[in-house]
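As structure tokens, the structure follows; a few thoughts come after it.
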């Protein structure tokens, strides 16, 4: 008993007199318990040497293999107002089907005939371009006419100059002849005066010779004056020739300046036409944007905006679509310390939410309800907000096919299998917080050995 009370019992009861006492006191339970402990200890020792597959576990979700197969959110490139819905949530749409019709909210685009008016402006500017082209052509003709007229005028001036030069030669000969006549008349006068002094000639003869000498002198002076005038005419002809060249050079330069001005104006108008054509194309494209269409085959998941008359800004999400055709994949996340152990092409076991499974992470052969996958992409930059690296897994063609009812977005738990080690080593590693053994894939080992042999 507990011996709490100070009162002593006079008669000590004998437990063997009772059936319960006899059963308890006579059975030796410790023997069975010791046997159980010994067997359990032997089993634990044997268990410590059983193989255990090291693994890396992670949590993720089901996604699609390529980005274009993942759920997409449609936005409008322009601000607008909802006018009419052509679909309901859950409807299947094909590429190009109209989902939503919107209207314009910006005042500069509200004109229903905006594209037509832009076309009219283009036609007017195009006519102006044609006018400038015709003006340039007329100026070309004018320049050609001026060039031809300049040639004729220059030829005419050159002929006058040549005539003046020839006239100089003629007047020079006439001057020489006049000087010769003057000299002869002077000699005749001198001889007649001498003969008069000798009494052979009369005074009348002297006076006649004197008159003739003076006449020839005057004629010589007149001829010399005429020669000077002819030389002056040559100078005038040369000046006229230069004036004609300068005059037509100025006329042609002025015509070319007008032509260049017309060409510049033509280019400006053509630039305006090009800009107007761009605006018209933009207006047409903007008109097409009034109808939000499905970019690919899929199902309408959710209408983010609803109601008729609701306005939205450009780039604001309108509706969510899930593509019809997609290849499933799993996106999982691992700790940075485990990233060096993950390699592309390695095998991974996956458990999906909603599919019952019995998992022994260290004994993959004893697991039930898991599906095979392989690593196809390893993220090289840590995922923001998670502190882990993202790994993309694809179905393993050599294993069981993934469930048909599986949908993107479902949860998944992944187990990447590494090397086999004894259980006691795995317990020791985990108690000390050591990482798993550095794992090198078999393909990498083979490549390394081949390089060493070479």
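Since every read-out is calculated from the coordinates, none of them should be taken as a lab result. Keep in mind that this is a model prediction, so the values were computed, not measured. Neighbour counts are summed over all protein chains in view; Cβ atoms, including those assigned to glycine, are modelled from backbone coordinates with ideal geometry.
Applying 1/(1 + (r/R0)^6) with r as the Cβ-Cβ distance of residue 308 and residue 133 and R0 = 56 angstrom yields a FRET efficiency of 0.60.
Contact order for region 114-288, expressed relative to its length and based on alpha carbon pairs under 8 Å spaced 6+ residues apart, stands at 48 percent. Once both axes come from the Cα atoms, what is the angle between helix 29-48 and the longest principal axis of the chain, in degrees from 0 to 90, rounded to 10? It is inclined by approximately 20 degrees.
Axis of helix 203-288 versus longest Cα principal axis of the chain: the two differ by about 20°, to the nearest ten degrees.
Note on region 114-288: Cα Rg divided by 2.2 N^0.38 Å, N the number of residues, gives 2.40. Return the FRET efficiency for the residue pair residue 152, residue 261: r is the Cβ-Cβ distance, R0 is 25 Å, and the value is rounded to the nearest 0.05. Plugging the Cβ-Cβ distance into 1/(1 + (r/R0)^6) gives 0.35. Look at the alpha carbon pairs under 8 Å that are at least 6 residues apart: their mean separation over the length of the chain gives a relative contact order of 30 percent. Per-residue ellipticity at 222 nm, computed for the chain from helices alone with -39500 (n - 2.57) per DSSP H run of at least four residues, works out to -18000 deg cm²/dmol. Our estimate of slack between residue 434 and residue 92, defined as 0.36 nm per intervening residue step minus the Cα-Cα distance, is 117.9 nm.
The orientation-averaged projected area of the convex hull spanned by the Cα atoms of region 203-251 comes to 3.1 nm². Region 139-176 and region 80-117 have their alpha-carbon centroids 79 Å apart. Listed peptides 70-78, 316-324, 41-49 appear in the order 316-324, 70-78, 41-49 once ranked by packing, highest mean of other Cβ atoms within 10 Å at the front. Its Kirkwood hydrodynamic radius, worked out from the mean inverse distance over all distinct Cα pairs, puts region 104-212 at 22.7 Å. With angles folded into 0 to 90 degrees, how steeply does helix 442-453 sit against the dominant principal axis of the chain? Use alpha carbons for both and round to 10. For 442-453 against the chain, the angle is about 60 degrees.
When each of the peptides 51-57, 337-343 is scored by how many other beta carbons lie within 10 Å of its residues on average, the order from highest to lowest is 51-57, 337-343. Ranked by the mean number of other Cβ atoms within 10 Å of their residues, highest first, the peptides 288-299, 270-281 fall in the order 288-299, 270-281.
When Rg and Dmax are taken over the Cα atoms of the chain, they come to 59.9, 228 Å.
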